[in-house]
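One structure is given here, and the rest of the page talks about it.
Throughout, read-outs are computed from the coordinates displayed, never taken from laboratory work. All of these numbers come straight from a predicted model, not from anything done at the bench. All Cβ positions, even for glycine, are placed from backbone atoms using ideal geometry, and neighbour counts span all protein chains on display.
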Amino acid sequence: MSTIRLLCDQTLRHEGAGGKRDDRRTRGTHASVSIISNLGADGNPVKDNGGLGSYEVVWHTDNSYVEVPPAGSMLYSLEVPQNGGGDTSFNNQYLAYEELPEDLKRAIAGKSQVHDSTRNSAGVLRPGVKLPARPEEVPGPTHPLVRIHPVSGRRALYLGRRRDWPSNYIVGMPNAESEALLDKLWAHATQPKYAWMHRWSAGELVLWDNRCCMHYRSEIDVTQRRVMHRTTIKSEPIVAA
Ligand SMILES: [Fe+2]
């Protein structure tokens with residue numbers, strides 16, 4: 001099955017509301033569609049808009065900080081920079097697992113990780129949440145480091161997101177050991193040989209499978225606009241390997 005699918009020359013309109021197209025600077029009129037843009041309150045591109053802004057977005061899989069993360073995500077491009085970054089890369093976590101050195105495979109067999117839910121995708125602490133001082137204070141669901149894809153039956157590494165300590169940690173392992181092992185896993189999983197980069201044109205829809213790939217966005221030229229629609233696809237519970 002496909003990990004990523006690209007559809008070009010798409011014109012998406014909301015059904016109902018007379019097929020009226022969204023205002024590009026506001027929340028989507030459909031509850032499940034959000035707008036990812038680098039625009040500020042005045043409608044012009046900015047570095048920081050309280051969301052992802054024009055910043056680089058490091059490798060991650062979407063919403064791993066919830067009990068049942070989305071199976072897939074979809075991004076639709078309304079406005080994109082011209083040679084101004086904002087490219088999205090995807091990497092293959094089936095291959096990352098299959099090519100993991102045997103000692104690392106053994107080290108993570110049957111192990112799980114707590115996925116930090118204190119911060120949003122922009123790395124900002126959620127309202128009312130205190131920054132944890134030690135791992136025991138990090139809230140979030142526990143997911144296996146290796147998962148079985150429910151459709152393909154293949155094993156994939158499932159790392160979530162790497163943040164500054166204290167954040168995600170491996171359950172039942174001393175802190176220093178957990179950090180060292182996560183560093184090795186991330187270094188392996190994010191090698192360029194597992195990745196493919198998409199440079200956007202307007203009117204494209206990309207769907208990807210969060211159960212077997214991670215994604216990354218490069219920094220955006222702050223003088224250029226980037227406006228996308230995003231939605232996620234409901235999943236079944238994670239199956240541990
Ligand atoms: Fe994402």
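If exposed means no more than 16 neighbouring beta carbons inside 10 Å and the site is in a DSSP loop, what's the longest run of the chain without any exposed GluC sites (Glu not before Pro)?
Working: sites that count: Glu15, Glu56, Glu67, Glu99, Glu219.
Longest site-free region, per DSSP loop and neighbour criteria: 100-218.
Karplus-based coupling profile of region 41-55, in residue order and whole Hz: 4, 8, x, 9, x, 9, 6, 10, 10, x, x, 7, x, 9, 6, with θ = phi - 60° in 6.51 cos²θ - 1.76 cosθ + 1.60 and x standing for Gly or Pro.
When each of Ile148, Ile108 is scored by the number of other beta-carbon atoms lying within 10 Å, the sequence from fewest to most is Ile148, Ile108.
What aspartates and glutamates could a cross-link reach from Lys234, if we take a straight Cα to Cα line under 18 Å and drop same-chain neighbours fewer than 8 places away? Lys234 reaches Asp62, Glu67, Asp209. Across region 98-104, coupling constants 3J(HN,Hα) worked out from phi with the 6.51/-1.76/1.60 Karplus curve, θ = phi - 60°, read 4, 9, 5, x, 4, 5, 6 Hz, and Gly and Pro carry x.
Expected output is a single nm value to one decimal: the length gained when fully extending between Arg5 and Lys111, i.e. 0.36 nm times separation in residues minus the C-alpha distance. What is it? Walk me through the numbers before you get to the answer.
Values: separation 106, 0.36 × 106 = 38.16 nm, distance 3.09 nm.
Full extension of this stretch gives 35.1 nm more.
Using the Cβ-Cβ distance between Lys193 and Ala240 with R0 set to 25 Å, the FRET efficiency from 1/(1 + (r/R0)^6) comes to roughly 0.40.
Amide H contacts of His198 (H built 1.01 Å from N, in plane; Pro and chain starts excluded): Thr88, Ser89, Phe90 sit under 5 Å, all sequence-distant by 5 or more or on other chains. Between amide H atoms placed 1.01 Å from N, distances below 5 Å from Arg154 occur with His149, all of them 5 or more places distant or on a separate chain. Fully extending the segment from Trp186 to Asn120, taken as 0.36 nm per residue of separation minus the present Cα-Cα distance, adds 21.8 nm. With respect to the chain, whose longest principal axis is taken over its alpha-carbon atoms, helix 175-189 is tilted by about 50°.
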